[in-house]
Structure formats: C-alpha cells, structure tokens
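Accompanying notes for the structure given below.
Since every read-out is calculated from the coordinates, none of them should be taken as a lab result. Predicted, not measured: the structure shown is a model, and the values here were computed from it. Cβ sites come from the backbone with ideal geometry, for glycine too, and all protein chains shown count toward neighbours.
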Amino acid sequence: MPAKAGQLTPEDAADVANDTAAKISADAQKAIAEAVKRIESAVQQGLEQLRNQSRVYADVASEQLDEATRVASEQIRARPLAATGAALGVGVLIGMLLASRR
C-alpha cells in the first residue's frame, strides 16, 4: 500500500534513525576527544608543577646537606679525640646490634 503524503515508511524511519545515530556517535567522539585533550593538558600542568617543586626541595636539601657537612667537619677539626670516641662508640653499638641477630 503506498504511503500517504507526510507519513514515513519504515525504510525512511530507519534512514532517519541511522542518520541520528551517526550524528550522536560523531558528537560523542568529538566530546571524548576534547575531554582527552583537557585531561592531557591537566596532567602535563600537574607534572610540570611537580618537577618545579621537586627541584626546589632538592636544592634546599642539597644546601642543608652542605651546611651539615661543613658543621660536622668544623666539629671534628675542633675536637678530634671526641669525634674519634663517638665514632668508635657508634661502631661498637652497630656491631652489637648485628651480632645479636645471629
């Protein structure tokens, strides 16, 4: 039976549905691609901030280590016998701890 004017045939309805599904699929893929770009950008910014922070922390730690080394060297030069005694005492304690594990 021929279709009346203004009515959709099943084939026309299927074509419209397929076109709509294709448009929805294309829109979804575009939205996903944009979301991926935003996420990548956010991750890159976070990594850059982390790199910058770690450089600052490493620089501070390096400065503190240099200062501690300088102070220790000064103390050892000022009191060599006390430093030798302290090193000997620490060595004996470590030796006793290691020997007690056996």
Dipole magnitude of the chain about its Cα centre (Cβ charges: Lys, Arg +1; Asp, Glu -1), debye to nearest 20:
860 debye
For helix 80-100, what angle does its Cα long axis make with the longest principal axis of the chain, in degrees from 0 to 90 and rounded to 10?
60 degrees
Value of [θ]222 nm, deg cm²/dmol, for the chain, DSSP H segments ≥ 4, -39500 (n - 2.57) each, nearest 500
-33000 deg cm²/dmol
Which label belongs to the value computed from this structure, given these candidates for semi-axes √(5λ) of the Cα gyration tensor in Å: [x] 80, 21, 4; [y] 33, 17, 13; [z] 79, 16, 6?
[x]
When the Karplus curve 6.51 cos²θ - 1.76 cosθ + 1.60 is applied with θ = phi - 60°, which whole-Hz ³J(HN,Hα) does each residue of region 15-27 get, with x for Gly and Pro?
4, 4, 4, 5, 5, 5, 5, 5, 5, 4, 4, 5, 5
With unit charges on the beta carbon (Lys/Arg positive, Asp/Glu negative), name the residue among 84, 10, 32 whose Cα is farthest towards the positive pole of the charge dipole of the chain.
84
